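Structure, as structure tokens:
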Amino acid sequence: MSTSVPLVLPAKLPVHKDKPQQRGRTLLKIVIAVTAVVGVIGAVAISASAGNAAGAGLSFLFAFIPLPFLWAAYWWLDRYEPEPLRYKLGAFVWGGVVAVALALTAQILIQHIFDLSDEHMATWIAPITEEPAKCALLLLTFSRMRHVIDGVIDGLVYAGIVGIGFAFVENIGYYAASYLGTPDIKIAGAEGATATFVVRGIFSPFAHPLFTSAFGIALGLAVARKTKWSKLAIGALGLAVSIALHGSWNGSLSYGGTTGFLLIYLGLGAVFFGLAITAIVVRAHQVRTLEQSLGRAAQRGWIHPDEVPYLSRFNHRKAARVYARQHHGKRAAKVVKSYQRLATEMAFLQDAVLTGRHKPHGVERTYNLLDSMHALRPFLRFPPPLSHHRAR
């Protein structure tokens, strides 16, 4: 029978400080918070167009329902090399507030100048205003000193979250309008809003993330290119594909009729299926990269070879935290979790440096992460080596 031996830890554990610091972190958090508040006020105003409190509440509810499932999908995709929370929240806020405001302003001006039909606005103008507005956030993160987007997975994650934010606010408006009803729509109230929710919230919740993912993939591929012209060409192609996907979807609703809509829906479904397969394959490659990089770190003597399984595969990582908590207390589990996070970041950064990808201050930051790992090592409590278990 095993006995629990709580680990005696100092009052304050060593804390990793990234060096050199990324500029503008505090300002970024303030801007995100302020923009989010503005977005909440705007969303309330949009929902109020439903005409009464019941319609406004139903619009918010229907818009919110898909969010946990959509966010979980991108959380799973982002698990091995998680992006900073401030950037992911910023992506959601950008999609739901800034991108919506930019696209809506452009559409109002274009409609005022050219007096286009609703079908033309939806099919042609909406895609060429909304996709650049969403993709602008990805360009901003791509141009940060640390190159926040440094691969296809990162591009997919940020594109998806921006799309989720945009769809969330846009759907509030659609549900409110459906609740209020129009002369062209025979049903209204809760029935009308529910019918719109079935189409947008159940059958096409990944529409906006899918459109913007083409640009996210393009940026992820552009990272590895050496010349600015090649980066620009790949980015332009990705944006064009995003606009084309969006336009085909809107066009099927405006002009396609039932048959055209079904054909485009099935076609985009096939694209989404291909995107999901691509994401799974790239994520599996990410796991192999992590294991290989940790193996190289072990060969260099930076970590012990027996640590590699507990730093790579999720089932072993969780088992290590459970072991530490059961045998040495909650704080010991916290040390293991922090060590795993640092090791993961170090391994991916080391791989980028060794494979020639541009990572500002990559070598310096790798050794800084190793220093933080070694500072935690005296308090680290891993389970017995897996080889020991297998031998028994």
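Quick notes on this structure:
- Relative contact order of the range 311-352: 36 percent, from C-alpha pairs under 8 Å at least 6 residues apart in sequence.
- Peptides 293-304, 271-282, ordered by how many other C-beta atoms sit within 10 Å of their residues on average, highest first, read 293-304, 271-282.
- Taking 23 Å as the limit for the C-alpha separation, the pairs 228/359; 88/134; 29/231 exceed it in the case of 29/231.
- Least to most buried among 94, 229, 249, 75 (fewest other Cβ within 10 Å first): 229, 75, 249, 94
- Kirkwood Rh and Cα Rg combined as Rg over Rh, evaluated for the range 25-255: 0.98
- Segment residue 259-residue 36, extension gain: residue separation times 0.36 nm, minus the distance between their alpha carbons: 76.3 nm
- If the segment from residue 105 to residue 330 were pulled out straight at 0.36 nm per residue, it would be longer than the present Cα-Cα gap by 75.9 nm.
- Estimated from helices alone, the mean residue ellipticity of the chain at 222 nm is -24000 deg cm²/dmol (sum of -39500 (n - 2.57) over DSSP H runs with n ≥ 4, per residue).
- Legend: helices of the chain (whole DSSP H runs) are marked when their alpha-carbon atoms reach 30 angstrom or more along the helix axis and their mean Kyte-Doolittle hydropathy is at least -0.5; marked are 25-48, 152-180, 228-254, 257-299, 330-354.
- With R₀ set to 35 Å, the beta-carbon distance separating residue 17 from residue 299 gives a calculated FRET efficiency near 0.80.
- Once the chain from residue 282 to residue 76 is taken as fully extended at 0.36 nm per residue, the excess over their C-alpha distance is 72.9 nm.
- 24 Å tail of the calculated P(r), the range 289-391, as % of Cα pairs: 21
- Whether the range 46-122 is rounded, prolate or oblate, judged on the alpha carbon gyration tensor where a/c under 1.5 counts as rounded: oblate
- Size of the range 146-247 as Cα extents on the principal axes (Å, biggest first): 56, 23, 19
- Using the Stokes-Einstein relation with a Kirkwood hydrodynamic radius computed over Cα pairs, the translational diffusion coefficient of the range 131-180 at 10 °C and a viscosity of 1.306 mPa s comes to 131 µm²/s.
- In a simple Cβ point-charge model (Lys, Arg +1; Asp, Glu -1; nothing else charged), the chain has a dipole of about 2460 debye relative to its Cα centre.
- Around the Cα centre of the range 289-391, unit charges on the Cβ atoms of Lys, Arg, Asp and Glu (plus for the first two, minus for the last two) sum to a dipole of about 500 debye.
- For the chain, the C-alpha radius of gyration divided by 2.2 N^0.38 Å, with N the number of residues, is 1.14.
- With the simple model of a label 7 Å out from the Cα in the direction of the Cβ, residue 291 to residue 244 spans 3.7 nm.
- FRET efficiency for residue 377 and residue 115, using Cβ-Cβ distance with R0 set to 56 Å, rounded to 0.05: 0.20
Rule-based calculations on the coordinates, nothing more; no lab input. Being a predicted model, the structure only gives us computed values, none of them experimental. Neighbour counts run over all protein chains shown; Cβ positions are idealised from the backbone, glycine included.
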